[in-house]
Amino acid sequence: MKIVLEPRPTPPISWLLMLSAASIFVALLVLGVVFLVAGLNPFSAYATLASRTLGDWDGWSRVIQRAIPLVLIGVGLVLAFRAQFFNIGAEGQLLVGAVAGSAVALFLPSLGFLTIPIMFLAGFIAGAIWGFIPAILKLKLEVNEVITTLMLNYVAATLIEYLITGPWKGQNQVGFSYTDDFPAAARLPLLGSSYIHIPTLLLGLILAVFVAVVLSRTRLGFRMRILGESIATARYVGINAVSTTLWVVMFSAGAAGLAGVGEVAGIHGKLLEPGQISLGYGYTAIIVAWLARGSPIAAIFTALFLGISFAAGDVMKVSLQLPANTTNIFNGTVLMLLIATEPLVKFRVKLEQVKLVKDAR
Amino acid sequence: MIAAPLVEMLGITKSFPGVVANDSVNLELRAGEVLALLGENGAGKSSLMNVLYGLYRPDAGLIKVAGREVSIRSPLAAIGLGIGFVAQHPLLVRRHTVAENIALGMRGSFWNPVPKVRSKIFELSKKYGLEVNPDAPVWSLSAGEQQRVDILKALARGAKVLILDEPTSVLTPQEAEELFKVLRRMKLEGEGVILITHKLDEVMAVADRITVLRKGKVVGSLETSQTNPTDLAALMIGRQLEPVRASAVQVGASVLRLENVSALSDRGVPAIENISLEVCAGEVLGVAGVAGNGQRELIEVITGLRGVTAGLVMLEQTNLTNVNARVAADAGVAHIPEDRLQMGVVGNLSVAENLALRGFETPVFSNGQFLEPAAFESFAQKAVAEYEIATPNTQTPVRLLSGGNIQKVIFARELSTNPKLIVAAHPTYGLDAGATAQMQRLLLERAAAGAAVLLVSEDLDEVLALSTRVAVLFDGRLMGVVKRDAATREGIGLLMAGRELVTV
């Protein structure tokens, strides 16, 4: 007997959903083992998590709060991945977006109702510049973008550390490394008593629809799709690969910058430690984009799903006395399984009897 | 007593879905000889050797090594039987040294085998004249030196039979001469060499015997001393079929003009040199030549995919030298690419989208920045009907179509703009008879309607059947341009082998 992989020309949607669900299920089993090791009953632990996240509006609001940056970044990454640019640097792009938004809030004279749009614009541009650097290095010098985008994450985090402990350290903050609080005009309106910052949420939804329309309905989107599928064909029809890729990457990175503005202006109201601004949204959004399998609209839903995972992390910390990072075990397992099951999307596994060649006489 | 041949392959048959790669092939290799395995691309040379090296299992037939019947299940088994394989592109670890590469995969003790291997390398390089520094990292070696390492690797593992797959395709003429010297030394040592090639002069220079394959079958096994390149070319290419020739057409004004064009290959070495030619409205200029003699670069220079290092590319009054592919297409150059799956279509996009690849930025398919799906659809409906594209519907991903139907999609798209010049690279390669006839008819129709056609094909029958004139490329140079009526298969075969310079 031997195992044969048979190409599967058109994997049905149901099979894709099945594989994703199976990956998530296995990750839940792995997390269950972690609960056991920590001395918890996995069933009651899961019951607690479910009721505290999806059981009431309070839980749902925390899920949505976490999903907001994930939608923005996830949609951008869907676009970048489709253009074959493996942007692992959304975390850094988010952080520089937060820096640029904070600069507008803290240092520009009052702009009234224009403050918030200008903060978002600044965040988008800062993110786009952070994306431009690895993109141009890849396109002109063939520098691997996985390495450069990842390294720029640390540069961005270190930049914030420097700013909040040095030149931007707040005059009114005692004992903590924060900037001063943003003025009221630089704070995003929230939904009721939750931390759902409405403008960022809307931006995320609009962006998802916008990207979906661009991809399926515009000349630029068609160029991107050709380029993402086949560089040889793009060359053959005369598409400028450099400028197209550059625009895609800068847009993708700019979207992460928007998420950074949302976090500081919506939740914290100041620039603070990088680890507090983002709980690793830039990395988790990679899973959001992967689960969405190239569809910006699907990214809204996968972002919501990983929002549950983040909200569950908060519950673990508060109610189960586990480190909040426990969710990373779950997220990591899901991503690993999604990548590992990729061959099952493209191939059907069959067992085959090995035929022995009969000697011809 | 006559010793048994080193290798005997008897009645080897190997088929793949849709094609019989080898059909009851017999092959014999004796000790102390170089056997050339000659044939066109797709004649079944490589698949036969893959059977011998244990990469493919034959459907039928048997293999004897030194008179004993054997079953070769893997390359490891082949190596165990003393069969070595030198691939066209050496399979070496570039960061490792020569000695480390040769030691790789050798059985032996737990300890680092490199010191032992070094002395073996010195011994073998002296014996066969294969000079190479065992401590040099592989990346620092030239293509010829890397090939020497690959040969040493096979010899160090005790190969008595060496298979070389188109070994000179990556070599300069001087390096090739060095290689032939090594092969002659191996003969003296009683080893056997199988040389896979389609180059006639090489065969004449180094082979003792020749086995010619055509369409999976052995069409001749002869002694080199009893034959000549002309006969070999005829055997390799096949009997001349009475071609369905193009009817005489009115040849019009010049459409494409190349003046002293030179260009580099992807590897940065000169690929075409000082080529001047002209294609007129209404004519089909066939370009014949063995693959890799500059055809690809010639096509790319004309279609805006490759810059020139010298010379001029003119389409009527438009200068297309060093333009990009979109400019060339807009000027009226259609391109049926050689690599139809990777370049000609995007497999995951639909039939309708692939049909619009050229025109989607024009007002035909878009309104401002927005695409017009209705225009895609109506264009696709028309193309599917006109070109008889067999597809479930226009939204089917094109990769699900058969090769012939994919080619029809490409033709439909490229011909839709009424191009002045059609550059067709191997337009019927791998297609069935019906699709082949349709593509050939389309090219002739367009020529009759006043387009200029540049047809590059390895199928000499096709070139002779369709062309008004035939140009032959050898080693990046234009060997000659022959009028169809003056063209003979033998004459072209010789030009293809770089034998003779003719100007008509």
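Any read-out appearing in this document is the output of simple, stated calculations on the displayed coordinates, not a laboratory observation. The model shown is predicted, which means the values in this text are computed figures rather than measured ones. We place every Cβ from the backbone using ideal geometry, glycine too, and count neighbours over all the protein chains shown.
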Let me know the number of lysine pairs in chain A closer than 20 Å at the Cα, not counting same-chain pairs under 8 apart.
5
Centroid-to-centroid separation of the stretch A:84-143 and the stretch B:455-504 [C-alpha atoms, Å]:
60
Under a Cβ-only charge scheme (Lys and Arg +1, Asp and Glu -1), can you give me the dipole magnitude of the protein assembly as shown about the Cα centre, in debye to the nearest 20?
1460
Given H placed on each backbone N at 1.01 Å, which residues far from B:Val287 in sequence or on other chains put an amide H within less than 5 Å of it?
B:Leu455, B:Val456, B:Ser457, B:Ala471
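How shielded is B:120-132 by partner chains, expressed as the average number of their Cβ atoms within 10 Å of its Cβ atoms? Working shown, then result.
Details: counts 0, 0, 0, 0, 0, 0, 0, 0, 0, 0, 0, 0, 0.
Mean number of neighbouring Cβ atoms from other chains: 0.
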How well do other chains shield peptide B:466-477, expressed as the mean number of their Cβ atoms within 10 Å of each residue Cβ?
0
Eligible aspartates and glutamates near B:Lys120 by straight Cα distance, threshold 19 Å, same-chain separation 8 or greater
B:Glu100, B:Glu131, B:Asp135, B:Glu145, B:Asp150, B:Glu189, B:Glu191
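222 nm [θ] for chain B, helices only, -39500 (n - 2.57) per DSSP H run of 4+, per residue, to 500?
Details: 16 runs with 159 residues, N = 504.
Dividing the helical sum by the residues of chain B leaves -9000 deg cm²/dmol.
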For A:223-235, mean number of other protein chain Cβ atoms within 10 Å:
5
What do you get for GluC sites (Glu not before Pro) in the stretch B:342-447 restricted to DSSP loop and a cutoff of at most 14 other Cβ within 10 Å of the site's Cβ?
B:Glu388
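Place the peptides B:118-127, B:470-479, B:55-64 in order of packing, highest mean first, counting for every residue the other Cβ atoms within 10 Å and averaging per peptide.
Numbers: B:118-127: 15.3, B:470-479: 22.9, B:55-64: 18.7.
Top of the packing list down: B:470-479, B:55-64, B:118-127.
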Expressed in angstrom and rounded, the centroid-to-centroid distance over alpha carbons for the stretch A:306-350 and the stretch A:9-37 is 9
Where Rh denotes the Kirkwood radius from the mean inverse Cα pair distance, what is Rg over Rh for the stretch A:68-301?
1.00
Could you name the lysines in cross-link range of B:Lys126, using Cα to Cα under 22 Å and dropping any fewer than eight places away on the same chain?
B:Lys116, B:Lys153, B:Lys160, B:Lys181, B:Lys187
Helix A:13-37: angle to the longest alpha-carbon principal axis of chain A, degrees 0 to 90, nearest 10?
70
Ordered by residue, what ³J(HN,Hα) values in Hz, to whole numbers, does the stretch B:70-79 give under the Karplus form 6.51 cos²θ - 1.76 cosθ + 1.60, where θ = phi - 60° and Gly and Pro are x?
9, 10, 9, 9, 7, x, 4, 5, 5, 4
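What number, in percent, do you get for the relative contact order of chain B if the mean sequence gap of Cα pairs under 8 Å and at least 6 apart is divided by its residue count? Walk me through the numbers before you get to the answer.
Values: 1030 pairs, mean separation 71.9, N = 504.
Over chain B, the number comes to 14 percent.
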Helix A:296-319 sits at what angle to the longest principal axis of chain A, using alpha carbons and giving 0 to 90 degrees rounded to 10?
70
On Cα atoms only, tilt of A:326-340 relative to the major axis of chain A in degrees
40
Only helices counted: for chain A, with every DSSP H run of 4 or more residues adding -39500 (n - 2.57) and the sum spread over all residues, [θ] at 222 nm is -23000 deg cm²/dmol
Provide the per-residue ³J(HN,Hα) series for the stretch A:245-261, in order, calculated from phi with Karplus coefficients 6.51, -1.76, 1.60 and θ = phi - 60°, each as a whole number of Hz, with x at glycine and proline positions.
5, 4, 5, 4, 5, 5, 5, 4, 6, x, 4, 5, x, 4, 4, x, 4
